[in-house]
Number of protein chains: 2
Amino acid sequence: MKDQDTKSLSNTQRAVRDLRRMILSGELAAGTDHLESELAETLGMSRTPIREAALMLESKGLLEMRPRKGVRILPVSSDDMREIYDILTELESLAAQRAAEAGYSESQLAVLAGSIAKMDQAIEAEDLEAWAEADELFHQELVRLGGNKRVEAIVAMMSDQVRRARATTLFIRPLPVKSNEDHRIVFQAISEGRPDAARERHREHRLQAQAMLCGILEKHRLNSL
Amino acid sequence: MKDQDTKSLSNTQRAVRDLRRMILSGELAAGTDHLESELAETLGMSRTPIREAALMLESKGLLEMRPRKGVRILPVSSDDMREIYDILTELESLAAQRAAEAGYSESQLAVLAGSIAKMDQAIEAEDLEAWAEADELFHQELVRLGGNKRVEAIVAMMSDQVRRARATTLFIRPLPVKSNEDHRIVFQAISEGRPDAARERHREHRLQAQAMLCGILEKHRLNSL
DNA sequence: GCATTTATTTGCGTATACATTAAAGAATGC
DNA sequence: GCATTCTTTAATGTATACGCAAATAAATGC
């Protein structure tokens, strides 16, 4: 299985996966520059697949290719954060509405319910990493249930762009107790088939998250993550 | 000037520009496959810049690279249309709201006003091509005024994906008289600084456009444009 | 004839070589 | 000592070559 991963994936695909991972983990720090040839050597391949991977990651907003300056890992400012959260707010709210309209069965909502349970457990255990992971799953699954592939892709893209920042803010922000209540309310609205409520409640949830996060960033002068 | 365009642009950039143009114009028809080497010969360059351009256009949703089958120009089904218009509805409405919040001066709204005037003229002259062009300008400028670069990029991407379809529907749809009224109302709300009104009116406008377009597509069984 | 296997072809993925050009450093004139 | 031009360097953009795997055609067995 794992062998197949390494075997059957093209170098370009591996480069995309690895570079993405290195960016999200901070191994390639925001704001730093890297020559194509360096990255090629690091990943043990030639420049060609590196360039192709960089091109893709560029259109996903994770980096920027600047002639002669190398590949620049894009930092995320608090203004960027605002832009991104504005988009997440709109598109996820739409997804919540659509999910409620779809009339999913209990079993079809199992993953969503599960993610909420995991968040509750994580809060109880005060395990913020676990909470963040479950939170991500909730939002991802919500969007999937929304049934719009393009929304899914855009939300995934935007989520990638803020993941680094989240790692930082996670330990500054208040315990996300309120956030969990929100999730439950949104879930309730979806499972009861109330589109408008699902939409509005999720919208409020996101707006609050945005205000909280951007507030933290500005307060702590964290201007490029 | 034009010399500089040809000179200073890299082949990859030219390939992106030319392929995009060929796709939007229908010269590369939806659903058709094209070998990398064919495209390379057509554009008079090697496969390398073609591949890079194709990679970019792939992430913009205009085509798909399938090993051994060539580059496939993606068709747009009426389901796709729905997805895309859902996104346009949400993001443009947000832009309208933000534009109204920004409190732009009359001169800053000149382009937007101009596009409306052009649409009125076009309707009077029953010049649908001109109307479509001005309509596009309106939406593009609206989004620009919204002040969110990422929204701008996403909307541009989605607009590209439906442009082909629009060319087809343009001569089937009813004269866009109602559409022009909508634009004026949205403009009014923005210039008077009423964010909620701007948002809601634009939202309605988009929802109607979507219903109309998707209705036409399904009625005429136009399922892949 | 049909299925299955074996050649053959063909297009892609990738490495590599080279041309190009922007940036950095050296040298010249003032 | 400063500005300017020339040289050099180095990283990119692009062409090209080649191995490999998938699709097609041919051939073989039944």
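Only the coordinates and a few stated rules stand behind these numbers; no lab work does. Everything numeric in this text was worked out from a predicted model, so none of it was measured. So basically every Cβ, Gly included, is an ideal-geometry build from the backbone, and we count neighbours across all protein chains shown.
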Treat the count of other C-beta atoms within 10 Å as a stand-in for reagent exposure and order B:48, A:169 from fewest to most.
B:48, A:169
Contact order normalised by residue count of chain A, Cα under 8 Å, 6+ apart, percent:
26 percent
With 10 angstrom as the radius, rank B:183, B:202, A:205 by how many other C-beta atoms surround their C-beta, starting from the fewest.
A:205, B:183, B:202
Compute the label-point distances linking residue B:221 to its equivalents in the other copies; points lie 7 Å from Cα along Cα→Cβ; give nm, one decimal, shortest first.
6.8
When the charge dipole of the protein assembly as shown is computed with +1 at the Cβ of Lys and Arg and -1 at the Cβ of Asp and Glu, the Cα pointing farthest to the positive end, of B:26, A:95, A:207, is that of B:26
Hey, can you list the DSSP H helices of chain B whose Cα span along the axis is 30 Å or longer and whose average Kyte-Doolittle score is at least 0.0?
none
Given the -39500 (n - 2.57) contribution per DSSP H run of 4+ residues, what per-residue ellipticity at 222 nm results for chain A, rounded to the nearest 500 deg cm²/dmol?
-24000 deg cm²/dmol
Determine the shape class of segment A:1-132: with a ≥ b ≥ c the square roots of the Cα gyration tensor eigenvalues, call it rounded for a/c under 1.5, and otherwise prolate if a/b is greater than b/c, oblate otherwise.
prolate
Mean-position separation - Cα centroids, segment B:23-97 and segment A:51-87, in angstrom:
21 Å
With +1 assigned to the C-beta of every Lys and Arg and -1 to the C-beta of every Asp and Glu, and no other charges, what is the dipole magnitude of chain B about the Cα centre in debye, to the nearest 20?
640 debye
Using modelled backbone amide H atoms (1.01 Å from N, in-plane), which distant-in-sequence or interchain residues come within less than 5 Å of residue A:63's amide H?
A:58, A:74
Among A:60/B:118; A:60/B:219; B:69/B:149; A:60/B:69; A:118/A:149; A:149/A:219, the pairs whose Cα-Cα distance exceeds 31 Å are A:60/B:118; A:60/B:219; B:69/B:149; A:149/A:219
FRET E, pair residue A:27, residue B:21, Förster distance 45 Å, beta-carbon r, rounded to 0.05:
0.70
Kindly list the residues of segment B:33-72 that lie in the label zone of residue A:8, defined by a backbone N under 19 Å from the point 7 Å along the Cα-to-C-beta vector.
B:65-69
